[in-house]
Amino acid sequence: MNICVGGDLDGEVINTREGTLFKANEIDASKKSTYNRQTYIVEGNTYRFWLCSELSYMEATEIAGKYLAEKYKYLS
């Protein structure tokens with residue numbers, strides 16, 4: 001999925017970044033958020049999200065869970 005959760009790029013899909021960390025200003029100089037990659041495995045499928053470091057892990061995971069619930073209706 002590679003969806004950004006929170007921060008300046010909330011909701012945007014970022015497929016072009018490697019590694020586990022990137023700064024939004026690498027995409028747009030006016031943006032300031034920092035993102036960490038988080039992987040979730042559901043039913044053997046791997047999904048990656050970019051979680052804004054300004055959010056708590058719990059908060060960001062809850063939002064990522066909502067994206068996954070769209071795909072797996074029984075999670076909601």
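At positive phi, in contact with a helix residue (DSSP H, G or I) (Cβ under 8 Å, 6 or more places away or on another chain) and not in a strand (DSSP E or B): which single residue out of G7, G11, G19 fits that description? Explain how you work it out, then say what you get.
Details: G11 fails: in contact with a helix residue (DSSP H, G or I) (Cβ under 8 Å, 6 or more places away or on another chain); G19 fails: in contact with a helix residue (DSSP H, G or I) (Cβ under 8 Å, 6 or more places away or on another chain).
The conditions single out G7.
Determine whether the range 9-25 contains at least one residue that is among the basic types (K, R) and in contact (Cβ under 8 Å) with a residue 40 or more places away in the chain.
Narrowing the range 9-25 to residues among the basic types (K, R): 17, 23.
Now narrow it down to the ones that are in contact (Cβ under 8 Å) with a residue 40 or more places away in the chain: none.
No, the range 9-25 contains no residue that is among the basic types (K, R) and in contact (Cβ under 8 Å) with a residue 40 or more places away in the chain.
Take the residues in the range 57-76 that are surrounded by 15 or more Cβ atoms within 10 Å (Cβ to Cβ) and among the hydroxyl-bearing types (S, T, Y); name whichever of them is farthest from G11 (Cα to Cα).
Selected residue: T61.
With the checklist (1) of a type in the set (G, A, S); (2) touching a residue at least 24 places away in the same chain (Cβ under 8 Å); (3) assigned to a helix (DSSP H, G or I) in hand, flag the one item A69 doesn't pass.
Result: A69 fails condition (2) only.
Go through the range 45-76 and report how many residues are touching an Asp or Glu at 6+ places or on another chain (Cβ under 8 Å) and at pLDDT 95 or above.
Adding up the residues that qualify gives 1.
Within the range 29-56, how many residues turn out to be within 19 Å of M1 (Cα to Cα), surrounded by fewer than 16 Cβ atoms within 10 Å (Cβ to Cβ) and either aliphatic (A, V, I, L, M) or free of Cβ contacts under 8 Å to residues at least 12 places away in the same chain (or both)?
Selection size over the range 29-56: 6.
Looking at the range 23-58, which of its residues are in a loop (DSSP other than H, G, I, E, B) and hydroxyl-bearing (S, T, Y)? Working first, answer last.
Within the range 23-58, the first condition is being in a loop (DSSP other than H, G, I, E, B), and the residues that meet it are 27-33, 43-44, 53-56.
Passing the criteria: S30, S33, S53, S56.
Pick out the one residue from E18, E43, E26, E54 that is among the charged types (D, E, K, R) and either within 24 Å of Y72 (Cβ to Cβ) or touching a strand residue (DSSP E or B) at 6+ places or on another chain (Cβ under 6 Å) (or both). Give the derivation first.
Values: E18 fails: either within 24 Å of Y72 (Cβ to Cβ) or touching a strand residue (DSSP E or B) at 6+ places or on another chain (Cβ under 6 Å) (or both); E26 fails: either within 24 Å of Y72 (Cβ to Cβ) or touching a strand residue (DSSP E or B) at 6+ places or on another chain (Cβ under 6 Å) (or both); E54 fails: either within 24 Å of Y72 (Cβ to Cβ) or touching a strand residue (DSSP E or B) at 6+ places or on another chain (Cβ under 6 Å) (or both).
When all the criteria are applied, what remains is E43.
The values are calculated or read from the model by the stated rules, or taken from the named source; none is laboratory data. Keep in mind the model is a prediction, meaning the values are calculated, not measured. Reconstructed Cβ throughout: ideal geometry from the backbone, glycine too, with neighbour counts over all protein chains shown.
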